[in-house]
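Working notes, beginning with the structure itself.
The values are calculated or read from the model by the stated rules, or taken from the named source; none is laboratory data. Please read all numbers here as calculations on a predicted model, not as lab measurements. Glycine also receives a Cβ, built like all others from the backbone with ideal geometry; neighbour counts cover every protein chain displayed. Accessible surface is based on the protein model in full, side chains and every heavy atom, while ligands, DNA and RNA are left aside. Shrake-Rupley method; radii C 1.70, N 1.55, O 1.52, S 1.80 Å.
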Amino acid sequence: MIIIGITGTLGAGKGTIVEYLTKSRGFAHFSVRGFLLDEIRKRGLPENRDSMVVVANDLRKINSPSYITDQLFLQATNKGKDAVIESIRTPGEVESLKSKSQFYLFAVDADPKIRYERIKKRNSETDRISFEIFLENEKREMFSDDPNKQNLAKCREMADFVFDNNGNIEELNSKVNTIIAQIKNA
């Protein structure tokens with residue numbers, strides 16, 4: 001059993017990799033976003049990116065920097081099959097997950113304008129924003145010295161594999177397939 005974590009910038013293709021792994025490779029999917037949306041609903045907060053950041057930071061501060069992904073890792077291991085955990089955002093999460101066996105971190109990125117067009121098409125409750133707010137959100141999540149807060153730049157540095165996703169879905173899927181084969185044959 002292997003567990004893959006996915007980190008990356010907004011609209012870079014994290015969900016595309018998850019879709020490929022679940023539909024083509026039979027991986028189980030565990031989502032930080034889903035975990036946070038459940039908690040946001042319990043707290044009666046608006047379902048938006050600001051609430052996601054506040055709730056995630058709060059849970060990490062109260063419990064540990066890796067609390068959310070540790071919970072998802074536990075669910076994944078209980079499932080007993082290859083799994084993917086989507087949206088790793090903090091170095092503490094990466095460190096905790098890398099201390100466990102058979103864990104690999106994938107990072108995905110693309111040009112900001114391409115990513116913005118992707119999130120506009122996705123049109124989820126947290127994606128209905130201007131390009132300026134999109135860039136501000138990303139800047140807020142890119143760097144932090146606080147282990148409880150998002151630091152996508154550091155997570156990318158810690159990744160085992162980094163994917164450039166400026167192309168199409170088939171190109172990304174091919175890159176992912178090559179790496180999965182490499183991992184499985186290691």
(message) Given points 7 Å out from each Cα along the Cα-Cβ axis, report the LEU135 to ALA181 separation in nanometres with one decimal.
(response) 4.0 nm
(message) Among SER96, THR9, SER31, whose Cα projects farthest towards the positive end of the dipole of the chain, with charges put on the beta-carbon of Lys, Arg (+1) and Asp, Glu (-1)?
(response) SER31
(message) Which one, PRO112, SER130, ALA83, is farthest towards the positive end of the dipole of segment 83-157 when Lys and Arg carry +1 and Asp and Glu -1 on their Cβ?
(response) ALA83
(request) With Rg/Rh (Cα atoms, Kirkwood Rh) defined as stated, name the option among [x] 0.99; [y] 0.94; [z] 1.61 computed from the structure displayed. (result) [y]
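Quickly rank 156-163, 42-49, 67-74 as a protection proxy: mean count of other C-beta atoms within 10 Å, highest first.
Numbers: 156-163: 17.0, 42-49: 12.0, 67-74: 20.1.
Taking the mean over residues of other Cβ atoms within 10 Å, the ranking is 67-74, 156-163, 42-49.
Using the crude model of +1 on Lys and Arg Cβ and -1 on Asp and Glu Cβ, and no other charge, please compute the dipole size for segment 56-111 relative to its Cα centre, in debye to 20. Don't skip to the answer; put the middle values down first.
On the way: 7 positive and 8 negative charges, 57 e Å.
With Lys and Arg at +1 and Asp and Glu at -1, about 280 debye.
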(request) Would you mind telling me the share, in percent, of accessible area of the chain contributed by carbon and sulfur at probe 1.4 angstrom? (result) 48 percent
(message) With +1 on the Cβ of every Lys and Arg and -1 on the Cβ of every Asp and Glu, and nothing else charged, how large is the dipole of the chain about its Cα centre, in debye rounded to the nearest 20?
(response) 400 debye
(message) Beyond 22 Å, how much of the Cα-Cα pair distribution for segment 83-157 remains, as a whole percent?
(response) 32 percent
(request) With a 1.4 Å probe and every protein chain left in place, tell me how much accessible area SER130 has, in Å² to the nearest 10. (result) 40 Å²
(request) Can you pull the one-decimal nm distance between simple spin-label points at GLU95 and LYS81, each 7 Å off the Cα toward Cβ? (result) 3.4 nm
(request) With a probe of 1.4 Å, find how much accessible area segment 1-68 has per residue, and write the answer as a whole number in Å². (result) 41 Å²
